[in-house]
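Working notes for the structure below.
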Amino acid sequence: QRRTQPATMARVPLVGTLATVFLGAAAVLGCAAAAETVHLSVSYCPTVFTGAGGVVSVDPSQNGSFAIIDHGWKWPNAVEQGCPENSDPNVLVDGAHTFLDFTSAWGFICDVDVTKGVLARTIKASSSELAFDGFTSYARAPTGDAFVGITPQATQHGFCNDGCFQYGTQNATSGRFTGAAYVPFKAAMTNVAYFDTDANVYYIQASYPLEESAYCTADETDQCMVGLDATTGAIVSNKLANNAEVYMWAPQTKAADGSLLAWVNGFDDKCNHPYNDFAFARINPKTAQSTLIACIPKSVTVHTNPNIAAFNADASLFAT
């Protein structure tokens with residue numbers, strides 16, 4: 001598998017300024033007749049107190065050389081008042097679009113069209129809930145202009161009185177979030193979700209259960225593969241993730257048995273990497289059983305943000 005070196009916080013020159021690649025690999029695009037390229041969404045600072053955005057196309061086979069697709073569009077004030085260098089939005093890659101959910105700005109979403117290099121639209125969140133500050137992980141709904149996902153929440157009474165998650169739907173046109181159910185876990189993986197639209201199940205990885213029925217093992221620190229009914233938010237499956245934690249799914253690789261390709265950390269006994277055991281595996285999210293495909297080379301080390309990543313259209317290439 002070809003991959004790029006981690007791009008988060010890497011500085012590159014862009015029209016005479018310093019740019020911060022804060023999204024890592026936003027999307028891997030290309031076709032069979034041309035070399036595959038990685039499109040990176042970047043924020044950069046023309047001055048100390050101003051920020052702008054752009055998209056660059058990187059050819060991994062050419063030692064990181066890049067071309068500017070477009071640049072100079074302004075980040076909305078709801079995202080950053082000044083230089084956006086330290087922004088850390090939660091990311092959803094969906095085809096040619098990268099969605100950036102700024103939880104620091106109460107779930108304000110920027111929709112970047114990476115093929116054109118432009119900020120296609122912004123979505124201002126609202127909710128009938130006590131608070132909504134954006135998604136921890138999310139996916140596009142199969143119909144309509146909407147997202148589904150989980151968000152941090154708290155209630156006055158019950159298991160969520162010291163914090164939990166809430167599953168719900170956000171209308172991407174109006175920005176309105178509607179909660180469906182509280183999810184009894186204290187921690188969940190960021191930017192990592194899989195929506196099985198055929199089964200209508202939304203999968204997350206979570207730990208520190210808040211109810212006895214939410215334990216997948218006796219150890220509360222174990223990472224559970226949790227399936228939520230995508231309509232009601234009720235837990236429909238909950239298994240210990242066998243051998244690996246998922247950092248990115250490839251939904252386009254779903255097989256007849258329900259398994260699909262994933263970018264994972266695990267298989268320590270087989271990968272034996274000196275620093276971190278990242279690999280590719282096939283995982284069935286319903287059973288949480290995994291089969292190792294390949295470990296990354298020992299000469300490659302993933303330094304930061306392994307969940308800011310993407311597979312290309314046929315999942316033959318991967319970038320992070």
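The values are calculated or read from the model by the stated rules, or taken from the named source; none is laboratory data. Every value quoted in this text rests on a predicted model; they were computed, and no experiment measured them. We place every Cβ from the backbone using ideal geometry, glycine too, and count neighbours over all the protein chains shown. Quick note on the areas: whole protein, heavy atoms, side chains included, nothing else; ligands and nucleic acids left out. Shrake-Rupley method; radii C 1.70, N 1.55, O 1.52, S 1.80 Å.
Values as computed for the structure displayed
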item: Structure-based [θ]222 nm, the chain - -39500 (n - 2.57) summed over DSSP H runs of at least 4, per residue, nearest 500; result: 0 deg cm²/dmol
item: Neighbourhood net charge (15 Å Cβ-Cβ; Lys/Arg +1, Asp/Glu -1) for Ala181; result: -3
item: Antiparallel bridge percentage (DSSP; both residues within the stretch 118-219; nearest 5); result: 90 percent
item: Formal net charge of residues neighbouring Thr291 (Cβ-Cβ distance under 13 Å; K, R +1; D, E -1); result: +1
item: Net charge, Met225 excluded, C-beta distance under 11 Å - Lys, Arg +1, Asp, Glu -1; result: 0
item: Relative contact order [Cα under 8 Å, 6+ residues apart], the chain, whole percent; result: 13 percent
item: Per residue value of the accessible surface for the chain (all protein chains in place, 1.4 Å probe), Å²; result: 44 Å²
item: Most fluctuating residue given options Ala52, Ala241, Ala199, as computed from a GNM of the chain linking Cα atoms under 10 Å; result: Ala199
item: Contact order relative to length of the stretch 84-167, as percent, for alpha carbon pairs under 8 angstrom and 6 or more apart; result: 18 percent
item: Proximal lysines to Lys116, defined as alpha-carbon separation beneath 19 angstrom and excluding residues fewer than eight positions away on the same chain; result: Lys74
item: Calculated diffusion of the chain, Stokes-Einstein form, Kirkwood radius summed over Cα pairs, 10 °C and 1.306 mPa s, µm²/s; result: 79 µm²/s
item: Packing-based ranking, highest mean first, of 227-237, 258-268 given that Cβ atoms within 10 Å are counted; result: 258-268, 227-237
item: Rounded, prolate or oblate (a/c below 1.5 giving rounded, otherwise prolate when a/b exceeds b/c) for the stretch 138-282 by Cα gyration tensor; result: oblate
item: Candidates Lys270, Lys186, Lys74: whichever shows maximal mean-square fluctuation once the chain is modelled as a Gaussian network with Cα springs under 10 Å; result: Lys270
item: The stretch 266-319 - percent of accessible surface contributed by carbon and sulfur, probe 1.4 Å; result: 51 percent
